[in-house]
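Here is the structure we will look at, set down as structure tokens.
The values are calculated or read from the model by the stated rules, or taken from the named source; none is laboratory data. Owing to the predicted nature of the structure, the values given are computational and were not obtained by experimental measurement. Here the Cβ positions follow ideal geometry from the backbone for every residue, glycine too, while neighbour counts run over all protein chains shown.
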Amino acid sequence: MQRPIGSLGFPVFFSTLSQIAIARNAKECFELLRRIGILVILGRLRIAAIVKAIERSIHNESGWCHKKLNAKSSRFGASNSKATYLRITVGMNRGTSPDVAYVLEIWPSGHYSPIHAHANTYGIIKVLHGEINVKLYRALNVERKRPFQEVTLYKDQVTWLTPGLNQIHKLENKSPNKTCITIQAYEYISDEVSHYEYFDYITNSGHTIDKFDPVSDIDYSEFKEKMITEWNNGI
Ligand SMILES: [Fe+2]
């Protein structure tokens with residue numbers, strides 16, 4: 001496994017995965033990255049203030065996170081409690097999508113996404129807390145599930161997607177005890193809102209491919225209120 005170098009500065013972000021290829025049209029990704037930075041700087045996310053509440057909500061059977069994750073165990077096929085993560089939309093309502101969609105994703109220790117292929121979108125994935133392991137694949141193929149690249153990203157580090165590059169991947173929190181929180185920004189080329197973050201994935205059985213219909217688990221403002229309420233109530 002390769003640990004990327006550097007953690008701050010735009011050129012470093014894009015050189016960390018230089019073995020893969022540096023997209024010629026990565027300027028769209030720089031713009032997404034800049035907008036994420038603005039979101040965080042403006043304090044709309046303030047993740048650090050609620051990380052402990054999120055951790056407790058994951059581990060407490062009465063917690064919203066715990067219950068939501070359990071409810072999603074069959075989201076990608078046969079029930080698998082580890083093949084789950086939380087998707088929290090930031091600053092948007094479905095159906096009135098702006099040109100950029102932000103999704104906060106919460107990855108408990110040991111949890112992962114399926115291998116999936118995005119729909120030729122521009123995208124940025126930035127780690128806000130913990131670490132995330134990223135595997136890249138040349139094709140979405142149930143017979144060939146060997147990644148051609150693997151990297152672990154730590155806080156403030158970033159990976160990206162552009163049309164034709166890095167579209168097929170699997171994300172996994174390999175930390176033994178620490179939750180990972182990432183923020184993703186996607187800019188879809190199509191005018192059709194329904195294509196937002198749409199992807200195909202290999203199901204939990206490993207033998208079939210299905211389509212992911214993007215669903216938000218909750219909006220970030222509501223989520224933050226829930227975590228604060230749970231924390232104050234000792235959940
Ligand atoms: Fe993805």
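Do we have Thr121 as at pLDDT below 95 and under 26 Å from Arg34 (Cβ atoms) here?
Considered against the rule, which asks whether it is at pLDDT below 95 and under 26 Å from Arg34 (Cβ atoms), Thr121 comes out as yes.
Count, please, the residues in the range 99-114 that happen to be of a type in the set (Val, Ile, Thr) and surrounded by fewer than 22 Cβ atoms within 10 Å (Cβ to Cβ). Show your work before the answer.
Step one: filter the range 99-114 for residues of a type in the set (Val, Ile, Thr), giving 100, 103, 106.
Checking the rest, the ones that are also surrounded by fewer than 22 Cβ atoms within 10 Å (Cβ to Cβ) come to 100.
Residues flagged as of a type in the set (Val, Ile, Thr) and surrounded by fewer than 22 Cβ atoms within 10 Å (Cβ to Cβ) within the range 99-114 amount to 1.
Can we say Ile209 is under 22 Å from Lys145 (Cα atoms) and aliphatic (A, V, I, L, M)?
Answer is yes for this residue.
Please find, within the range 53-70, the residue that is surrounded by the fewest Cβ atoms within 10 Å (Cβ to Cβ) out of those that are within 11 Å of Ile235 (Cβ to Cβ), out of contact with any Ser or Thr (no Cβ under 7 Å at 6 or more places or on another chain) and touching a residue at least 24 places away in the same chain (Cβ under 8 Å).
Checked the range 53-70; the qualifying residue surrounded by the fewest Cβ atoms within 10 Å (Cβ to Cβ) is Ser62.
Go through (1) surrounded by 19 or more Cβ atoms within 10 Å (Cβ to Cβ); (2) within 13 Å of the ligand (Cβ to nearest atom) and name the single condition Pro214 misses.
Exception for Pro214: condition (1).
Output yes when any residue across the range 51-60 is acidic (Asp, Glu), at pLDDT 85 or above and not in a helix (DSSP H, G or I), and no when none is.
No: the range 51-60 contains no residue that is acidic (Asp, Glu), at pLDDT 85 or above and not in a helix (DSSP H, G or I).
Per-residue answers, yes or no, for (1) charged (D, E, K, R); (2) within 16 Å of the ligand (Cβ to nearest atom):
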site	(1), (2)
Gly110	no, no
His129	no, no
Pro147	no, yes
Glu150	yes, yes
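Does Tyr154 qualify as being within 30 Å of Lys52 (Cβ to Cβ), surrounded by fewer than 19 Cβ atoms within 10 Å (Cβ to Cβ) and aromatic (Phe, Trp, Tyr)?
So Tyr154 passes the test.
Do we have Gly110 as at pLDDT 95 or above, within 13 Å of the chain's Cα centre (by Cα) and small (Gly, Ala, Ser) here? Write out each step before concluding.
Numbers: at pLDDT 95 or above: yes; within 13 Å of the chain's Cα centre (by Cα): no; small (Gly, Ala, Ser): yes.
Answer is no for this residue.
Go through (1) closer than 25 Å to Pro176 by Cα; (2) surrounded by fewer than 19 Cβ atoms within 10 Å (Cβ to Cβ); (3) touching a residue at least 40 places away in the same chain (Cβ under 8 Å) and name the single condition Val142 misses.
(1)
Give me the residue from the range 163-178 that is away from the ligand (no atom under 13 Å from the Cβ) and either under 16 Å from the mean Cα position of the chain (by Cα) or within 27 Å of Ile47 (Cβ to Cβ) (or both) and, out of that set, surrounded by the fewest Cβ atoms within 10 Å (Cβ to Cβ).
So, considering only residues that are away from the ligand (no atom under 13 Å from the Cβ) and either under 16 Å from the mean Cα position of the chain (by Cα) or within 27 Å of Ile47 (Cβ to Cβ) (or both), the one surrounded by the fewest Cβ atoms within 10 Å (Cβ to Cβ) is Pro176.
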